[in-house]
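Since the structure comes first, as structure tokens, the remarks are kept for the end.
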Amino acid sequence: GAAIFSHAEANHVYYLLDDKDPTIDTTVHGARSLTTDVTNCPAGAASLAIHLDRLWLLTAAASGPSLLWYTDPFNLNSIRATNFIQIHGKGVGLIPGQFGAIDNSLTPRLIIFTQTSVSVLDGDPILGGGVQADLRILRVGLGLRSPHAACITPFGAFFLGTDGDLWLIPPGATTVTAVGGPIRNLLG
């Protein structure tokens, strides 16, 4: 067990291992650097997610594309230099896109938020030399307000958009629907 954490402006991705692990050096206090310990790990991430039993890290570029990094499925202590996907815009958040029992698709999905867009990665870029993965943009001109402004439910992913409205990405991750107005109307 490990707790993995970072921040877009941090100089490292950090981790804390389960204290029951017999290999832990108890003389080392606090967190350790995944950036130092894992080959090709980026120096800080705007968001982290566990998806397809691997760690995914979204960097936040000040200019140019952000990068979506993922650990190697055959060696979880390594990230290959080619294990990344360019994401246009400043990366903000990641959410795995499988929504409980009501989502019966067999396609793994990862929802990727920037400040100016919402995208979905369908499939796994490791399989078939990457041909079994597709990055599609759901919405341009709408992004995620902060990495803490999204949550996953059995009914889909809800998030607070950069426009101040509440949005829903339903199972299948094919659309982005505004739900803030109907909720406000229902509440009066």
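The values are calculated or read from the model by the stated rules, or taken from the named source; none is laboratory data. Given the structure is predicted, the values throughout are model-derived calculations rather than measurements. Cβ placement follows ideal geometry from the backbone for every residue including glycine, while neighbour counts extend to all protein chains displayed. Calculation scope for accessible area: heavy atoms of the full protein, side chains included, ligands and nucleic acids excluded. Shrake-Rupley method; radii C 1.70, N 1.55, O 1.52, S 1.80 Å.
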Quiz item: Which condition does residue 103 not pass, out of (1) over 19 Å from residue 92 (Cα atoms); (2) modelled with pLDDT of 90 or more, if it passes all the others?
Solution: (2)
Quiz item: Looking at (1) within 14 Å of the chain's Cα centre (by Cα); (2) within 29 Å of residue 62 (Cβ to Cβ), which is the one condition that is false for residue 125?
Solution: (1)
Self-check item: Residues (farther than 16 Å from residue 151 by Cα, buried (at least 21 other Cβ atoms within 10 Å of the Cβ) and touching a residue at least 60 places away in the same chain (Cβ under 8 Å)) located in region 76-113
Solution: 91
Practice problem: State the number of residues belonging to region 42-71 that are over 21 Å from residue 16 (Cβ atoms), open to solvent by less than 10 Å² (accessible area, probe 1.4 Å) and small (Gly, Ala, Ser). | Solution: 1
Quiz item: When residues of region 32-41 are filtered for being assigned to a loop (DSSP other than H, G, I, E, B) and open to solvent by 20 Å² or more (accessible area, probe 1.4 Å), how many remain?
Solution: 1
Exercise. Report the residue count in region 155-165 for those that are open to solvent by less than 60 Å² (accessible area, probe 1.4 Å) and more than 16 Å from residue 94 (Cα to Cα).
Key: 2
Practice problem: Go through (1) within 25 Å of residue 42 (Cβ to Cβ); (2) in contact with a helix residue (DSSP H, G or I) (Cβ under 8 Å, 6 or more places away or on another chain); (3) not basic (Lys, Arg) and name the single condition residue 126 misses. | Solution: (2)
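One line per residue, one yes/no per condition, for (1) surrounded by 16 or more Cβ atoms within 10 Å (Cβ to Cβ); (2) more than 26 Å from residue 57 (Cα to Cα):
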{"position": "142", "(1), (2)": "yes, no"}
{"position": "150", "(1), (2)": "yes, no"}
{"position": "153", "(1), (2)": "no, no"}
{"position": "175", "(1), (2)": "no, no"}
{"position": "182", "(1), (2)": "no, yes"}
{"position": "187", "(1), (2)": "no, yes"}
